[in-house]
Structures are given as structure tokens and as C-alpha cells.
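Encoded as C-alpha cells, the structure appears first; notes follow it.
The values are calculated or read from the model by the stated rules, or taken from the named source; none is laboratory data. The shown structure was predicted, so the numbers you read here are calculated from the model rather than taken from an experiment. Please note: Cβ atoms are built from the backbone with ideal geometry, for glycine as well, and neighbour counts cover all protein chains shown.
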Amino acid sequence: MSKADLSKQPAQVSAMFDDVSTHYDRTNNVLSAGNALLWRVATTKAVAPKPGERILDLAAGTGTSSASLAASGATVVAADFSPGMIEVGKRQQAGNTNIEFLVADGMNLPFGDNEFDAVTISFGLRNIMEPRTALAELYRVTKPGGRIVICEFSTPPFAPIRLGYGAYLQRFMPAIAKLASSNPDAYIYLADSIKDWPNQSTLSGWMRDAGFEGVGYRNLTFGIVALHRGTKPASTEAASLHDESATHPSSGPTTRQPVQ
């Protein structure tokens with residue numbers, strides 16, 4: 001696959017991540033110039049995991065983000081669509097009793113309603129065929145009053161940064177991937193999927209349409225990445241009002257709400 005298949009067929013995406021699973025973390029560190037660790041720390045702080053909580057880490061990959069969350073004493077379910085990623089994660093986190101690994105489809109989560117105190121997904125929503133369906137599923141499995149945190153590549157608001165980052169994705173990332181990855185085509189897909197992904201305000205709107213309230217975001221690394229947060233309404237009345245309107249999500253423009 002020399003160019004991104006932005007139709008994101010599940011079997012194709014899963015196989016692609018299986019291929020890169022062994023050296024996935026190392027390659028990410030190289031391609032992000034070390035920023036992957038900083039983004040993970042920021043995401044963990046935003047989730048604010050507490051001992052005894054049950055947290056879903058969707059698109060958990062090899063479980064590095066799950067381990068960061070589990071260090072608080074929370075129980076973390078590390079779910080990913082790639083069996084290869086899950087197997088690497090099980091090996092790397094062997095002995096960590098606070099992490100449960102399983103293969104799962106983000107558009108059809110194998111969990112009951114209102115099961116998790118917090119849900120999070122980092123750099124994975126972009127790879128799901130129907131991201132808005134995945135957001136609806138994340139809403140469903142979150143407890144009333146529970147939290148959602150999404151860390152995803154985004155659109156730098158400052159034009160010179162945006163142009164420079166676009167050049168990096170187009171020219172430099174594929175060249176670096178050829179040296180650092182066993183499957184460079186996977187990172188061509190990565191670059192193309194980032195360029196195709198909507199901006200911060202659009203994702204915020206999708207989260208509101210899914211039912212989350214108090215939605216906001218803050219930019220990381222000049223907006224190359226954005227950290228989105230929201231909560232599921234604590235009252236059953238608010239949740240019921242959302243359920244009644246869920247079949248008619250808004251499609252108009254959304255208002256930017258940066259998180260401080």
C-alpha cells in the first residue's frame with residue numbers, strides 16, 4: 001500500500017498495524033522527535049486516573065498509554081483492533097495486573113452501558129472507519145458524570161507552522177519511515193490520514209453530537225496535536241434528552257472552546 005487508503009477498511013488497517021507492532025513505539029518516538037512521551041504525559045494528566053477507577057483505553061496499541069494510566073492504581077482495559085498490537089502489549093506489560101488487554105472494534109465495543117469512569121483514545125479515532133459511531137460507543141460505555149479524553153493529530157492554527165508541518169508530512173516523514181520502520185507504507189498512510197483529518201472545532205462538534213458536555217480542547221506542540229476533553233451528563237434527564245435527539249445530530253459550524 002503505497003498511498004493511504006482513506007476508506008479505512010477495518011481488515012486492511014488492522015493488518016497494517018499488525019505489521020508495524022514490533023517496532024511501533026520506537027518508530028513513533030523517532031517520527032515525533034520525542035514528543036510522543038510529552039503527549040502521553042499530557043493525556044494521562046487530562047484523564048486524571050484515580051485508584052479503583054475503571055478506564056477504557058481504546059486504540060491502546062502496545063499499551064504504553066495504558067501503563068501510564070494504570071500507574072495511578074486504576075484498572076485499565078487496553079483495547080485495540082490489531083491483534084498484533086495486543087500481543088506485543090501483553091508481552092511488554094506482563095505482570096502488570098492493572099491492565100486487561102483485549103481485541104475490540106471501536107464501532108461495536110464489547111462492553112455494557114455505563115461501565116467506565118473514564119474513556120480515552122490517543123491517535124486512534126482517525127483510523128476508525130466511522131469515527132462518529134466510535135464516539136457514540138464511547139459515550140454509551142461511559143458512566144454518567146464520566147470523562148472522555150481524546151488526543152489526536154490536528155491542524156496548527158498558525159499558518160507558518162501549518163505549512164512547515166505539511167511539508168514534514170509530505171516529504172520528510174516517508175523518508176524517515178523508510179529508515180526506522182519495517183513497513184514504510186504504513187507511515188505514508190499515517191501522513192495522508194493526518195492531512196485528511198478534520199480540525200479541532202469539527203472534532204469538538206462531533207463530541208457534542210455524541211452527547212458529551214463541557215467539551216473543549218487545548219493545542220499541544222503548536223496545534224500539531226490537540227487534547228480534547230468532555231464529560232457525560234451526570235443526570236439521567238440530560239442523557240435522555242440526548243438520546244431523543246441522537247438521530248438528528250447537528251451539522252452546522254461549531255464554536256471553538258479551548259481548554260485552559
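Observations, loosely collected:
- Of the residues making up the range 79-111, those that are more than 25 Å from Leu203 (Cα to Cα) and assigned to a loop (DSSP other than H, G, I, E, B) number 6.
- Residue match in the range 95-108 (condition: among the hydroxyl-bearing types (Ser, Thr, Tyr) and buried (at least 21 other Cβ atoms within 10 Å of the Cβ)): no
- Leading residue by the ranking (surrounded by the most Cβ atoms within 10 Å (Cβ to Cβ)) among those in the range 187-232 that are touching a residue at least 60 places away in the same chain (Cβ under 8 Å), assigned to a strand (DSSP E or B) and hydrophobic (A, V, I, L, M, F, W, C): Ala226
- From the options Arg126, Arg140, residue that is part of a helix (DSSP H, G or I), under 17 Å from the mean Cα position of the chain (by Cα) and modelled with pLDDT of 95 or more: Arg140
This table checks each residue for (1) in contact with a Pro (Cβ under 8 Å, 6 or more places away or on another chain); (2) at pLDDT 80 or above.
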| position | (1), (2) |
| --- | --- |
| Ser182 | no, no |
| Gly214 | no, yes |
| Arg218 | yes, yes |
| Ala238 | no, no |
| Arg256 | no, no |
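- Test: residue in the range 144-162 that is among the aromatic types (Phe, Trp, Tyr), touching a strand residue (DSSP E or B) at 6+ places or on another chain (Cβ under 9 Å) and either assigned to a loop (DSSP other than H, G, I, E, B) or crowded, with 18+ Cβ neighbours inside 10 Å (or both): yes
- Just so you know, in the range 26-63 the residues that are surrounded by fewer than 23 Cβ atoms within 10 Å (Cβ to Cβ) and assigned to a loop (DSSP other than H, G, I, E, B) include one that is modelled with the lowest pLDDT, and it is Ala33.
- Residues of the range 49-104 classified as among the polar types (S, T, N, Q) and in contact with a helix residue (DSSP H, G or I) (Cβ under 7 Å, 6 or more places away or on another chain), total: 8
- Failed condition for Thr22, given (1) surrounded by fewer than 23 Cβ atoms within 10 Å (Cβ to Cβ); (2) in contact with a Gly (Cβ under 9 Å, 6 or more places away or on another chain); (3) at pLDDT 95 or above; (4) not in a helix (DSSP H, G or I): (3)
- Residue-level analysis places Asp117 among those that are in contact (Cβ under 8 Å) with a residue 40 or more places away in the chain, surrounded by fewer than 22 Cβ atoms within 10 Å (Cβ to Cβ), among the acidic types (Asp, Glu) and not in a helix (DSSP H, G or I).
- Scanning the range 64-90 for residues that are modelled with pLDDT under 95, over 16 Å from Gly106 (Cα atoms) and either touching a Leu at 6+ places or on another chain (Cβ under 8 Å) or crowded, with 24+ Cβ neighbours inside 10 Å (or both) returns a single hit, Gly89.
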